[in-house]
1. Which aspartates and glutamates does Lys171 reach when only Cα atoms under 17 Å apart count, and residues fewer than 8 places away in its own chain are ignored?
2. How many angstrom separate the Cα center of the stretch 85-101 from the Cα center of the stretch 21-38?
3. When DSSP beta bridges are limited to those with both residues in the stretch 158-280, what percentage is antiparallel, rounded to the nearest 5?
4. So who's got an amide H within less than 5 Å of the one on Ser245, skipping anything under 5 residues away but keeping other chains? H placed 1.01 Å off N, in plane.
5. If the cut-off is a Cα-Cα distance under 19 Å, which lysines reach Lys112, setting aside same-chain residues fewer than 8 apart in sequence?
6. Of the cross-linked pairs Lys19/Lys93; Lys7/Lys226; Lys93/Lys195; Lys161/Lys284; Lys33/Lys93, which ones have a Cα-Cα span greater than 30 Å in the structure shown?
7. Taking N as the number of residues in the chain, what value does Rg over Cα atoms divided by 2.2 N^0.38 Å take?
8. In the chain, what percentage of the DSSP-assigned beta bridges are antiparallel, given to the nearest 5?
Amino acid sequence: MFIQMYKERYMRFPEGREKAVTFSYDDGVKADKRLVALFNEYGLKGTFNLNSELFDIVGEWHGRMSEEETYQTFANSGQEVALHGARHIFMTKVPLHMAVKEVADNRAYMEKKYQRIVNGMAYAYGDFNEQIIDVLGELGVTYARTTESTHSFDIPENWLKLNPTCHHTEKCLDGLCDRFLNENPFEEKKMREPKLFYVWGHSFEFDEQDNWYIIENLAKRVSGRKEIWYATNGEIYDYVKCYESLVFSYDGESVYNPSHSDVWCELRGKVYKIPSGGRVIFDKI
């Protein structure tokens, strides 16, 4: 063991897993029903970002569902619902008070309709700026997905500028999946950080491009692996924040977890479960 690793700590996902997979899909369209069924078949989790004033739109809106159809699709689906703006507008192209209303109206509707806290989001058209980011914080939004691919598996640092790994149509998808599945943080000497594979898109693209095989093949490849945590965007955000709340002793040899959730941490090659409200003393070498 390298001497510098003696004090280094690494977050691990629930049950000590070193990897996580999540998905994010936008707009609330009829093809979401097939995608939800696919995710549930393979034990996958995703976040579906919904508008609240665009139900039953006809024409070039990719088969949007009615209000009741949307609710029936997502209410008890096991998937997460999140914000996408009330009317899917470019928020940087309107006066700030209209951007505020776009998010506030969307959040108020979603929480009333689904009877849960809804504080995640995806930017419509991927459109945002620093002023919009500040607004989201004031409105209680905790994370917001962009459309800017990282082609990496890093844990996000700025959750209101949440960049995904890739869109499902990118040619590098299969290669990224290969790399994600083959990398093993436990075997690395230096780069032992946890890995997050985050794929986004629109389910109507599978219908329009006749390529459902893309997401079906990806689901088959990543599912059923003991080293992977399958979680929604919100679950991952919440878990990371719980890990970040850990309080370590001055010498780094014990830790207290003040959060509501158990979390897992690796130190010196051993993974520890740190229970909610509990304190753990690490083993000495």
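1. Here the aspartates and glutamates satisfying the reach criterion relative to Lys171 are Glu148, Glu205, Asp210, Glu216.
2. 24 Å
3. Working: 9 of 11 bridges.
Beta bridges within the stretch 158-280, antiparallel portion: roughly 80 percent.
4. Under 5 Å from the amide H of Ser245: no residue qualifies.
5. Partners within reach: Lys101.
6. Values: Lys19/Lys93 38 Å; Lys7/Lys226 27 Å; Lys93/Lys195 35 Å; Lys161/Lys284 39 Å; Lys33/Lys93 32 Å.
Violating the 30 Å Cα-Cα cut-off are Lys19/Lys93; Lys93/Lys195; Lys161/Lys284; Lys33/Lys93.
7. Normalised by 2.2 N^0.38 Å, the Cα Rg of the chain equals 1.06.
8. Working: 16 of 41 bridges.
Once the DSSP bridges in the chain are tallied, antiparallel ones form about 40 percent.
Values quoted throughout were computed directly from the atomic coordinates according to the rules given, and no laboratory measurement underlies them. None of these values were measured; they are calculated from a predicted model. Here Cβ is always computed from backbone atoms with ideal geometry, including for glycine, and neighbour counts include all displayed protein chains.
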